[in-house]
Amino acid sequence: SIMEPTTPAFVDQYLEAGGAPFNIMNTLIMSYEGMAAMTNMINHDILNAYKDDENAPVYSTIGRRIVERFNAANADAEFDKTQKLPGYIEEMIPFKVWRKVIYRLSEQNPKSTMLNAALQKIADQGHQAELTSLSSASLHTHVFYALFVEFFEKLTPSDDENIKERMSELFST
């Protein structure tokens, strides 16, 4: 198939051995099924149909599969080499539905350096409140510290009369 990574080398070998260009072109054309293109087209159609519905079954299915197949050791090894979040994580962060997947992954892999860096980036982008729902939030000192500072910033303007009301408001958040 033309999409195989070894195809260019095979074509070069065939032509160097005296093979007819017409035959190799015909073989490649006849074997092409377009699976990758069809998959991309279906993916585009499905995601566009559900783009504003984060509860859509397609998102929960994809999220579940990501959580099932995620390998923290491999992700951490790559992150440790580059010290950069992978592109797919960067692309997930702006969307709440995908941040929830990152949160689930971090709950399952609390020591993952890559996921901890992702949580830091999420917090830096202003989503600290979402992170409070993590049972492991206190393990992430950068998140805990940011939430602690935010708590006191909200509590500072309170006076003796409304401090109890203000504290219960903050604890229920």
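The values are calculated or read from the model by the stated rules, or taken from the named source; none is laboratory data. These numbers come from a predicted model, not from an experiment. The area values use the complete protein model at the heavy-atom level, side chains included, leaving out ligands, DNA and RNA. Shrake-Rupley method; radii C 1.70, N 1.55, O 1.52, S 1.80 Å.
The table below gives the values:
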{"quantity": "Stretch gain in nm, segment Ala49-Glu68, where the contour uses 0.36 nm per residue and the Cα spacing is subtracted", "calculated": "4.3 nm"}
{"quantity": "Accessible area of the stretch 2-75 divided out per residue, in Å², using a probe of 1.4 angstrom", "calculated": "78 Å²"}
{"quantity": "Prolate/oblate/rounded label for the stretch 1-100 (Cα gyration tensor, a/c 1.5)", "calculated": "oblate"}
{"quantity": "Sequence-separation-based contact order of the stretch 1-112, relative, with Cα cut under 8 Å and 6+ spacing, percent", "calculated": "22 percent"}
